[in-house]
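Novice: The structure under discussion is supplied below as structure tokens; questions concerning it will follow.
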Amino acid sequence: MHPDLVKLIDLQAKDTEVAAWEQRLAELKSETAGLDEVLKRAGDLLEKARQAVADGQRRRDELETKIDSYRILQDRRRLRLEQVRNPKDASTLMTELDLAQSVMANEENDWVRSAETVVQLETKVKDAERNLEAVEAAQGPERALVAARRAVLEADRDAALREREASAANLGKAVRNHYDRLRRTRSSDVVVPLVGGTCGSCHTAIPMNRRSQIRAGHVVDACEGCGAILYPSEPAGST
């Protein structure tokens, strides 16, 4: 077998091992998806409660500003009433004062309701905060176990990656780049055996003279059908 084929087969084995660790890490991540969703719902409820408080406070403050402006206008009307000597003008001002007082009373009632609503909403925020804290506390032990498992898997994956890079370093740059390009574009193995007279991946027939050269270790050749790099699964001299 061609020396580069031996190295390519070893590199492919290392890549397979790395992929296995990556798969296990992906599976571990999916295990936490349920925990993340529960935590997200609790966080969303808290955010919604906080937004409701902010909206309620804004409404309360707007009413308070409006009431303050009414009070200022009422004070001005009272001051004018003290200075008016014409009974008709005085009557008009009294009517305005009464109407404005009625409007202001309604606004004050709205302010009281708005302030009570804010208090109720602030209570909901505290409840949502406690709920979020409870969810985080309940998930703590399980998340700690997952984190420990992840650390072990990542360490094993990193060790496999280092071995992979050491294996890849044994190849020439051109061969390695060719292998890496194929690996990025193929979902199956890059280096596959000759099975009888065909490609072990797509079963395309390989001409006899090329099969002979591959088995003799003279060339590193690829399947014309799928592009996979071929290595001999039978000894030289087989048909």
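Novice: Can you find even one residue in the range 129-142 that is more than 30 Å from Lys29 (Cβ to Cβ) and out of contact with any His (no Cβ under 8 Å at 6 or more places or on another chain)? Spell out the reasoning first.
Specialist: Going residue by residue through the range 129-142, those that are more than 30 Å from Lys29 (Cβ to Cβ) are none.
No: the range 129-142 contains no residue that is more than 30 Å from Lys29 (Cβ to Cβ) and out of contact with any His (no Cβ under 8 Å at 6 or more places or on another chain).
Novice: Using beta carbons and a limit of 9 Å, which pairs, at least six apart or on different chains, have the first residue in the range 108-135 and at positive phi and at pLDDT 95 or above and the second one crowded, with 17+ Cβ neighbours inside 10 Å and not aliphatic (A, V, I, L, M)?
Specialist: Partner pairs satisfying both residue conditions: none exist.
Novice: Please determine whether any residue of the range 12-32 is surrounded by fewer than 17 Cβ atoms within 10 Å (Cβ to Cβ), assigned to a helix (DSSP H, G or I), modelled with pLDDT of 95 or more and of a type in the set (Val, Ile, Thr).
Specialist: yes
Novice: Run down Ser188, Ser233, Ser212 and say which single residue is small (Gly, Ala, Ser) and loosely packed, with under 13 Cβ neighbours inside 10 Å.
Specialist: Sole residue among the options that is small (Gly, Ala, Ser) and loosely packed, with under 13 Cβ neighbours inside 10 Å: Ser188.
Novice: Now for a separate question. Test Ala90 against the criterion of being hydrophobic (A, V, I, L, M, F, W, C), assigned to a helix (DSSP H, G or I) and either within 41 Å of the chain's Cα centre (by Cα) or surrounded by fewer than 11 Cβ atoms within 10 Å (Cβ to Cβ) (or both), and give yes or no.
Specialist: Taking the combined requirement at face value, the residue does not satisfy it.
Novice: Tell me, please, whether a residue that is outside any helix (DSSP H, G or I) and either at pLDDT 95 or above or loosely packed, with under 12 Cβ neighbours inside 10 Å (or both) can be found in the range 157-169.
Specialist: Yes, there is a match, as at least one residue in the range 157-169 is outside any helix (DSSP H, G or I) and either at pLDDT 95 or above or loosely packed, with under 12 Cβ neighbours inside 10 Å (or both).
Novice: Oh, and also: For the range 183-190, does any single residue satisfy the condition of being of a type in the set (Asp, Glu), closer than 15 Å to Gln12 by Cβ and outside any helix (DSSP H, G or I)?
Specialist: Yes: the range 183-190 contains one or more residues that are of a type in the set (Asp, Glu), closer than 15 Å to Gln12 by Cβ and outside any helix (DSSP H, G or I).
The values are calculated or read from the model by the stated rules, or taken from the named source; none is laboratory data. Computed from a predicted model, the values in this text were never measured in an experiment. With ideal geometry, Cβ positions are generated from the backbone for all residues, glycine too; neighbour counts draw on all protein chains shown.
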